[in-house]
Every structure is written in structure tokens, then in C-alpha cells.
């Protein structure tokens with residue numbers, strides 16, 4: 001039995017393939033851009049499709065549902081365990097206030113997660129801009145918690161060298177992969193790092209600007225288009241728990257049998273992963289990552305209705321990114 005393996009994971013290739021098929025007279029209107037867009041929209045709405053997070057199980061169920069709907073045969077689930085960092089919650093609380101601001105733990109430094117002691121950690125919250133030394137002049141970094149622009153490269157590492165207790169990155173309007181990959185290390189540096197939503201960060205900076213009595217005269221640090229130049233500090237407490245856990249990951253298989261008596265012995269494998277990843281594991285919508293699996297689902301529908309001469313195996317795989325780490 002011959003097996004030809006094709007990996008459906010390159011967006012531009014997949015899009016061009018579908019465009020070509022949709023223009024072929026034999027296919028009619030079987031290929032639907034709307035269905036592909038709908039799958040991408042749904043999968044990227046699941047918050048995180050990393051194994052260990054609810055969105056991964058929901059994505060598995062969605063793919064199984066489509067495989068059954070389009071009439072694939074021999075549908076099978078193959079489950080296997082993977083070890084993943086699971087964010088179990090993090091928060092910031094301003095001293096003297098009941099309100100807690102939700103934080104999200106970043107990807108671990110090697111094996112060191114951003115888990116904090118059960119009693120939490122305390123310190124002054126200091127806005128450090130993009131973390132350049134010129135912006136930190138006059139600011140008390142040692143023993144404090146630093147609010148930092150996400151698009152600041154690896155400057156957070158030097159803040160650790162200066163004695164920062166923790167780093168809280170501010171959600172940016174846009175960030176690229178290079179910025180994300182510079183927010184964790186391949187050594188177990190014990191410096192907890194978190195993500196806060198932009199609206200919450202702006203409120204915190206507003207409070208920082210209204211408490212000049214808490215610190216000596218401030219430096220003239222940049223506040224990245226958020227109003228005042230000067231920033232001060234307020235007392236805050238952080239709690240966080242992120243643990244490495246064994247979680248199930250599921251590969252899903254489905255078949256379209258070939259129509260030719262001899263050629264159906266040859267198997268074409270169409271594969272795409274359906275999980276996602278992010279520097280913030282619990283916030284990994286992975287819209288781009290969803291393009292491959294959305295394309296695979298549409299191809300499964302097409303070939304289910306138009307069986308080729310050779311047998312086709314459709315394979316949706318999970319834990320793709322864990323395998324690369």
C-alpha cells in the first residue's frame with residue numbers, strides 16, 4: 001500500500017489550491033469561502049486551543065462534528081498525553097481596594113512558571129515604559145512590580161537584574177511574533193511575568209499619575225501616548241498560579257475511499273494541526289493557525305462529495321506546538 005503525504009498547513013498554498021478547485025467546472029460550488037471563514041471565526045473564538053485548556057476540547061468536538069457531517073468513514077480518535085503549563089488564574093489588587101484586576105501568566109522560562117507563593121507578593125507598581133535605562137532613571141525598580149509595554153523586546157531581563165519582583169506587560173495594539181518570543185527564556189529565570197489588558201493598564205497608569213506622594217520626584221519617563229509624562233507608584237499585591245500538568249491531546253482521522261479498484265490502494269494523507277500557541281497560553285486564539293484546519297475541513301467536505309480515484313486520509317493533529325518546543 002503506497003502512501004503519499006501532504007501537509008495542509010501553508011495558508012497561501014491552501015488558499016490558492018481552493019481557488020483553483022473552486023474555478024474548476026467539475027466542482028461546481030462545492031468549495032465555500034464562507035464555510036472556511038466560519039470555521040476560522042469559530043476556532044479563533046475559543047480563547048486558547050492549547051491542550052489543557054477548554055478551547056482545545058471544543059475544537060476537537062467541532063472537527064469530529066464536521067468529519068461526521070461530510071460523511072468521512074472510519075473516523076477515529078487517537079488520544080495521547082502532553083505536559084503543558086496551565087494558567088489557573090492570576091490577579092492584581094491595589095492596597096486598600098477590594099477590586100481585583102485579572103492578569104494572565106506568560107509562557108514559563110524553561111520550566112519556571114509565573115506561580116507565586118500562596119500569600120502572593122507585594123510591592124510598588126512602577127511604570128517602566130519600554131524598559132530602556134533612560135526611562136528608568138530615578139525610578140525604584142528593586143523589590144517592586146514593573147508595568148511594561150509589551151513591545152519592549154527583551155528589556156524586561158535587565159529589570160530582573162535590577163531586582164524587579166515581577167513584570168506585567170501591557171496588551172499592545174499590535175505585536176509580532178518576534179516580540180512575543182522575546183518574553184520568555186530557555187533558562188529557568190525566576191522572574192514572574194504577566195499580561196494585562198490595555199484598558200486595565202490605562203486605568204493603572206491613570207492612578208499612578210495621581211499619587212505623587214508615594215515616591216520621590218519622578219523621572220520624566222514616557223507614558224506612550226497616555227497623557228502625563230510623569231509616573232509614580234502605588235502599592236499592589238499579586239497572586240498567581242500556573243502549573244505544569246499532563247493533559248490529553250487528540251488526533252482525529254477520517255477516510256474517503258478511492259473509486260478505482262487498483263488506485264484506491266494508494267493513500268493520500270492530508271494533514272493539518274488544529275491547536276494554537278501564544279506567549280500567553282490562556283490567550284491563544286490562533287486565527288492564523290486555524291487557517292490550515294479550516295481548509296482541511298473544506299477539502300474533506302469536497303472529497304466526501306467527490307471521491308477521487310485514490311483513497312484520502314484526513315488527519316487533524318493536536319499538540320503541534322508542544323512537539324516543537
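The values are calculated or read from the model by the stated rules, or taken from the named source; none is laboratory data. Only a predicted model underlies this, so the values are computations on that prediction, with no experimental measurement involved. Cβ placement follows ideal geometry from the backbone for every residue including glycine, while neighbour counts extend to all protein chains displayed.
Within the stretch 289-298, the set of residues being part of a helix (DSSP H, G or I) and out of contact with any strand residue (DSSP E or B) (no Cβ under 6 Å at 6 or more places or on another chain) comprises 290, 291, 294, 295, 297, 298.
Return a yes/no flag: does the stretch 300-318 have any residue that is in a strand (DSSP E or B), closer than 30 Å to residue 192 by Cβ and at pLDDT 95 or above.
No, every residue in the stretch 300-318 fails to be in a strand (DSSP E or B), closer than 30 Å to residue 192 by Cβ and at pLDDT 95 or above.
Every listed requirement among (1) in a loop (DSSP other than H, G, I, E, B); (2) at pLDDT below 95; (3) in contact with a strand residue (DSSP E or B) (Cβ under 8 Å, 6 or more places away or on another chain) is met by residue 220 save one, (3). Selection of strands (runs of 3 or more DSSP E) fully inside the stretch 27-140 by the criterion of at least 1 residues being outside the structural domain of residue 172 (by TED's automatic domain parsing) and exposed (fewer than 15 other Cβ atoms within 10 Å of the Cβ) returns 73-94.
Quick one: which of 125, 133 is over 19 Å from residue 209 (Cβ atoms) and either at pLDDT below 95 or in contact with a strand residue (DSSP E or B) (Cβ under 6 Å, 6 or more places away or on another chain) (or both)? Spell out how you get there, then give the answer.
Working: 125 fails: over 19 Å from residue 209 (Cβ atoms).
Unique residue meeting the criteria: 133.
For (1) in the same structural domain as residue 279 (by TED's automatic domain parsing); (2) part of a loop (DSSP other than H, G, I, E, B); (3) out of contact with any helix residue (DSSP H, G or I) (no Cβ under 6 Å at 6 or more places or on another chain); (4) on the phi > 0 side of the Ramachandran plot, each residue gets a yes or a no:
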residue	(1), (2), (3), (4)
147	no, no, yes, no
151	no, yes, no, no
158	no, no, yes, no
163	no, yes, yes, yes
173	no, yes, yes, no
179	no, no, yes, no
183	no, yes, yes, no
186	no, yes, yes, no
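Whether any residue in the stretch 280-288 is over 16 Å from the mean Cα position of the chain (by Cα), surrounded by fewer than 19 Cβ atoms within 10 Å (Cβ to Cβ) and in contact (Cβ under 8 Å) with a residue 24 or more places away in the chain is what I want to check. No: zero hits.
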